[in-house]
Each structure stands twice: as C-alpha cells, then as structure tokens.
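Asks: Got a structure for you, questions after.
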Amino acid sequence: MKRLHNEKGLTLVELLAVIAISGIIIVFIMSIHIFVQKQYKSQSIDARHLTDVTIAAKAITTEIRTKEVTTVEQSKIVFENGPTYELVNNVLKKDDADYIYEIAEFILDEENDKISLRIVSTTGQQIETESMIR
C-alpha cells in the first residue's frame with residue numbers, strides 16, 4: 001500500500017503563530033494611527049487658535065493706526081467712529097458681537113503714545129505687539 005505524504009498545508013501551531021504575530025502587528029499599527037490622529041487634532045486646534053489670535057491682533061493694530069483711540073482699559077479698547085473691542089467670558093467681542101472665541105487674556109496697556117496689546121488663547125497661543133499712536 002502506498003502512503004501519501006502531502007506536506008502542502010499548515011499545521012495548527014503554524015496557523016496560531018501567524019494569527020498571534022498578525023494580531024501584534026495590527027495592534028502596533030492601530031496605536032500609531034491613533035497617536036497620529038491625536039497629534040493632528042491637537043496641532044489643528046493650536047493652529048486655529050494662533051490664526052484667530054493673529055487675526056484679532058492684526059485688526060486691532062490696523063484700527064489703532066487708522067483711527068483715534070478714545071478709551072483704553074485693561075481688556076477694552078474704544079475707537080472714535082470705529083469699533084469697540086472687549087473681552088467677555090473668553091470671547092473677544094467687536095461692537096458687542098462675538099468676534100474671536102476661546103481667548104484667555106486680552107490685555108491693553110497705554111503709556112504715553114504707545115499701546116501694548118497682548119492676546120492669549122485658551123491653548124496658550126499668544127501675540128504681543130506695540131503700536132505708536134499718531
């Protein structure tokens with residue numbers, strides 16, 4: 001009688017080893033993917049806050065250069081024939097309308113002919129600038 005020696009298949013041990021190694025690789029790839037997603041989200045939020053702070057600082061410094069400043073307080077600036085910027089509950093308001101959200105600090109300081117402006121978002125993104133009043 002002739003015996004068939006067919007060695008073309010996988011044994012149960014080989015199959016379990018492949019499944020275990022594949023599982024470890026998949027877990028590793030998924031953890032890297034999740035880490036990259038968290039980093040992307042965090043950096044996107046930081047970039048958005050920096051953009052918002054930059055837009056606000058640019059608009060206010062443009063107003064300082066082109067209009068006459070009426071009132072400068074700790075967190076409020078008023079322009080003659082122009083807008084009023086004020087921080088209320090982490091929202092920078094322009095003429096009582098919401099302008100920029102998630103602002104932690106909006107600090108104005110007037111010394112002689114110079115106005116110092118500091119805007120900080122809730123994530124720590126900040127802009128500091130000084131403008132001369134003409």
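Asks: Taking Q43 and the conditions (1) closer than 30 Å to V120 by Cβ; (2) in a loop (DSSP other than H, G, I, E, B); (3) not charged (D, E, K, R), which numbered condition does it fall short on, given that it satisfies the others?
Replies: (2)
Asks: Then there's this: What number of residues within the stretch 57-72 satisfy the criterion of being surrounded by fewer than 15 Cβ atoms within 10 Å (Cβ to Cβ) and in contact with a Gly (Cβ under 9 Å, 6 or more places away or on another chain)?
Replies: First pass over the stretch 57-72, keeping only residues surrounded by fewer than 15 Cβ atoms within 10 Å (Cβ to Cβ): 58, 62, 65-68, 70-71.
Applying the additional criterion that residues be in contact with a Gly (Cβ under 9 Å, 6 or more places away or on another chain) yields 66-68, 70.
Qualifying residue count for the region: 4.
Asks: Across the stretch 1-42, what is the total count of residues that are modelled with pLDDT of 95 or more, under 30 Å from I119 (Cβ atoms) and of a type in the set (S, T, N, Q)?
Replies: 2
Asks: Yes or no: I45 under 30 Å from L92 (Cβ atoms), at pLDDT below 90, under 28 Å from the mean Cα position of the chain (by Cα) and among the aliphatic types (A, V, I, L, M)? Full working, then the answer.
Replies: Numbers: under 30 Å from L92 (Cβ atoms): yes; at pLDDT below 90: no; under 28 Å from the mean Cα position of the chain (by Cα): yes; among the aliphatic types (A, V, I, L, M): yes.
No.
Asks: Within 19 Å of R48 (Cα to Cα), hydroxyl-bearing (S, T, Y) and in contact with a helix residue (DSSP H, G or I) (Cβ under 7 Å, 6 or more places away or on another chain) - does that describe any residue in the stretch 123-132? First the steps, then the outcome.
Replies: As a first pass, look at the stretch 123-132 and keep what is within 19 Å of R48 (Cα to Cα): 123-128.
Checking the rest, the ones that are also hydroxyl-bearing (S, T, Y) come to 123.
Those left that are additionally in contact with a helix residue (DSSP H, G or I) (Cβ under 7 Å, 6 or more places away or on another chain): 123.
Yes, the stretch 123-132 has at least one match.
Asks: Identify, please: which residue in the stretch 94-104 is within 20 Å of the chain's Cα centre (by Cα) and under 19 Å from I64 (Cα atoms) and is, among those, surrounded by the most Cβ atoms within 10 Å (Cβ to Cβ)? Before the answer, list the steps.
Replies: So in the stretch 94-104, the residues within 20 Å of the chain's Cα centre (by Cα) come out as 98-104.
Now restrict to residues that are under 19 Å from I64 (Cα atoms): 99-100.
Details: Y99: 20, I100: 23.
In this case the residue turns out to be I100.
Asks: Taking the condition part of a strand (DSSP E or B), over 20 Å from the mean Cα position of the chain (by Cα) and charged (D, E, K, R), does E128 pass? First the steps, then the outcome.
Replies: On the way: part of a strand (DSSP E or B): yes; over 20 Å from the mean Cα position of the chain (by Cα): no; charged (D, E, K, R): yes.
No: the conditions fail for E128.
Asks: Here's a follow-up. Within the stretch 81-105, which residues are in contact with a helix residue (DSSP H, G or I) (Cβ under 8 Å, 6 or more places away or on another chain), in a strand (DSSP E or B) and either small (G, A, S) or in contact (Cβ under 8 Å) with a residue 40 or more places away in the chain (or both)?
Replies: Matches in the stretch 81-105: Y99, I100, Y101, I103.
Asks: When you scan the stretch 73-93, do you find a residue that is over 14 Å from E130 (Cα atoms), among the acidic types (D, E) and surrounded by 14 or more Cβ atoms within 10 Å (Cβ to Cβ), even just one?
Replies: yes
Asks: Checking S75 against (1) under 23 Å from I45 (Cβ atoms); (2) in contact with a strand residue (DSSP E or B) (Cβ under 9 Å, 6 or more places away or on another chain), which test does it fail?
Replies: (1) is the only condition that S75 fails.
The values are calculated or read from the model by the stated rules, or taken from the named source; none is laboratory data. Remember, it's a predicted structure, so these values are computed and weren't measured experimentally. Cβ coordinates were reconstructed from backbone atoms using ideal geometry, including for glycine residues, and neighbour counts include every protein chain displayed.
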